[in-house]
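K.L.:
Would you mind keeping the following structure in view while I ask a few things?
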Amino acid sequence: SFRDNVSVQTNALRYNASNGAAITSSVNGITVNATENFCRVSNLQIAGTHATQSRVLVVQNNQTVQNCIIEGKFTDTQTNRGILAPESSTIKNCLIVQLASAADHIIGTGTGSPKFYNCTIVAADDLATAPTRVFISGASGTVTVQNCGLFAGDSTKAIKAGSATFNFTTCFSDISGTAGVTQATYTSEFQNVTDAARDFRLKSGAAQIDTGTTDATNAATDIAGTARPQGAAYDVGCWELVAA
């Protein structure tokens with residue numbers, strides 16, 4: 001696991017096979033397709049490098065995905081597809097990165113009812129065109145998003161679209177106008193938000209530090225195995241900042 005790397009606190013938080021367990025694929029399709037209900041995917045780095053069609057992780061109902069780095073490029077408009085297609089599963093402490101310019105969305109929830117806890121869901125800030133939205137849903141479903149960072153790299157884009165019910169709690173984004181989501185400046189939150197040097201560890205002074213909701217059930221530790229909280233409260237997103 002990349003969590004076991006002795007330099008996990010100082011390694012850039014992005015896909016890097018040299019840091020530990022990693023799976024990658026360049027095909028036009030799915031990198032990891034977890035088709036069994038009630039299973040867990042954890043502590044993995046997963047990347048799809050196809051130019052437009054990298055559905056990186058597809059999971060079924062009642063699964064748990066936790067402590068994973070998931071990066072890829074997906075530009076189609078299907079509401080049940082994306083970098084991550086979570087169905088009605090639970091996603092905890094994951095970094096999910098859209099690397100394609102002009103993508104329609106990052107995550108497609110379809111008609112499922114997934115739950116996201118302490119995830120960092122982003123697109124690189126210097127893409128030629130930011131994704132149109134972070135989430136897209138189909139005709140139904142209830143999507144729970146708690147303690148998550150949702151940054152598209154363009155404040156004019158949207159956090160969500162579709163007919164599902166979205167419930168956001170103590171989330172942060174560079175996009176304003178959604179209940180439960182506080183606007184923050186993207187470059188002030190993370191170590192580096194460019195495509196080439198991306199590093200989504202929180203940095204000192206970030207608005208997401210000590211502003212999350214306590215949730216020992218879903219986020220007692222962060223993506224690197226750090227116990228929460230390290231300060232007055234949980235940090236938002238997948239990374240808990242350890243004070244110097």
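The values are calculated or read from the model by the stated rules, or taken from the named source; none is laboratory data. As the structure is a computational prediction, the values presented were derived from the model and not from experiment. Methodologically, a virtual Cβ is constructed for each residue, glycine included, from the backbone with ideal geometry; neighbour enumeration extends over all protein chains shown. Accessible surface areas use protein heavy atoms only, side chains included; no ligands, DNA or RNA. Shrake-Rupley method; radii C 1.70, N 1.55, O 1.52, S 1.80 Å.
K.L.:
Residue by residue through the range 46-51, what is 3J(HN,Hα) from phi via Karplus (6.51 cos²θ - 1.76 cosθ + 1.60, θ = phi - 60°)? Round to whole Hz and write x for glycine and proline.
P.N.:
Values per residue, Gly and Pro as x: 9, 9, x, 10, 4, 4 Hz.
K.L.:
Continuing with the same structure: What does the C-alpha gyration tensor say about the overall shape of the chain? Classify as rounded when a/c is under 1.5, otherwise prolate if a/b is larger than b/c, or oblate. Don't jump to the answer; show the numbers that get you there.
P.N.:
Details: a/c = 1.24, a/b = 1.14, b/c = 1.08.
It comes out rounded by the Cα gyration axes.
K.L.:
Right, next: Which of the three applies to the range 73-130, rounded, prolate or oblate, going by the alpha-carbon gyration tensor with a ≥ b ≥ c and a/c under 1.5 meaning rounded? Before the final figure, lay out each step's value.
P.N.:
Details: a/c = 3.27, a/b = 1.38, b/c = 2.37.
Since a/c reaches 1.5 but b/c is at least a/b, the shape of the range 73-130 is classed as oblate.
K.L.:
Just to check I understand the Karplus step: with θ = phi - 60° and J = 6.51 cos²θ - 1.76 cosθ + 1.60, what whole-Hz values come out for the range 93-104, glycine and proline as x?
P.N.:
Result, rounded to whole Hz: 6, 10, 9, 10, 10, 8, 10, 8, 6, 6, 6, 6.
K.L.:
Right, next: Give a residue-ordered list of calculated ³J(HN,Hα) values for the range 60-73 (Karplus: 6.51 cos²θ - 1.76 cosθ + 1.60, θ = phi - 60°; whole Hz; x for Gly, Pro).
P.N.:
Result, ordered by residue: 9, 6, 6, 9, 10, 10, 9, 6, 10, 9, 10, 10, x, 10 Hz.
K.L.:
Can I ask one more? Below 9 angstrom from the Cβ of residue 54, what's the summed charge of the other residues (Lys, Arg +1; Asp, Glu -1)?
P.N.:
Working: positive: 55, 73; negative: 71.
Residues near residue 54 contribute +1 overall.
K.L.:
For the chain, what is the accessible area per residue in Å², given a 1.4 Å probe and the full set of protein chains?
P.N.:
Working: 9090 Å² over 244 residues.
Ligands and nucleic acids excluded, the result is 37 Å² per residue.
K.L.:
What's the magnitude of the charge dipole for the range 1-73 around its Cα centre, counting Lys and Arg as +1 and Asp and Glu as -1 at the beta-carbon? Answer in Debye, nearest 20. Don't skip to the answer; put the middle values down first.
P.N.:
Working: 5 positive and 3 negative charges, 23 e Å.
The calculation lands at about 120 debye.
K.L.:
Using a/c under 1.5 as the rounded threshold, could you call the range 138-244 rounded, prolate or oblate? The axes a ≥ b ≥ c are square roots of the C-alpha gyration tensor eigenvalues, and prolate needs a/b larger than b/c, oblate otherwise. Present the calculation step by step, with values, prior to reporting the outcome.
P.N.:
Numbers: a/c = 1.99, a/b = 1.27, b/c = 1.57.
Oblate shape, in that a/c is at least 1.5 and b/c is the bigger or equal ratio.
K.L.:
May I ask you to order 113-125, 72-84, 145-157 by the average number of other C-beta atoms within 10 Å around their residues, highest value first? If you can, show how the numbers build up before the last one.
P.N.:
On the way: 113-125: 25.4, 72-84: 21.6, 145-157: 23.2.
Listed from highest to lowest mean packing, they are 113-125, 145-157, 72-84.
K.L.:
Taking H placed 1.01 Å from N in the peptide plane, check which residues at least 5 places from residue 116 or on another chain put their amide H under 5 Å from its amide H.
P.N.:
91, 144, 145, 146
K.L.:
Quick one: with all protein chains in place, what share of the accessible area of the range 126-244 is carbon or sulfur, to the nearest percent (1.4 Å probe)?
P.N.:
On the way: 2140 of 4600 Å².
Taking all protein chains in place, the range 126-244 shows 46 percent carbon and sulfur surface.
K.L.:
Between residue 52 and residue 7, what length in nm is gained on full extension when 0.36 nm per residue of separation is reduced by their alpha carbon distance?
P.N.:
On the way: separation 45, 0.36 × 45 = 16.20 nm, distance 3.23 nm.
The residue 52-residue 7 span can extend by a further 13.0 nm.
K.L.:
Amide H of residue 96: which non-local residues (sequence gap of 5 or more, or other chain) have their own amide H closer than 5 Å, using H built in the peptide plane?
P.N.:
Answer set, sorted by chain and number: 70, 120, 121, 122.
K.L.:
Ranking request for peptides 197-208, 34-45, 92-103: highest mean number of other beta-carbon atoms within 10 Å first, then the rest in descending order. Working shown, then result.
P.N.:
On the way: 197-208: 18.8, 34-45: 15.0, 92-103: 24.2.
Averaged packing, sorted descending, gives the order 92-103, 197-208, 34-45.
K.L.:
Oh, and also: Between residue 105 and residues 5 or more places away or on another chain, which pairs have amide H atoms under 5 Å apart, with H built 1.01 Å from N, and which residues are they?
P.N.:
132, 133
K.L.:
Given the options 124, 54, 172, identify the residue whose Cα lies farthest towards the positive end of the charge dipole of the chain (+1 on Cβ of Lys, Arg; -1 on Cβ of Asp, Glu).
P.N.:
Farthest towards the positive pole: 54.
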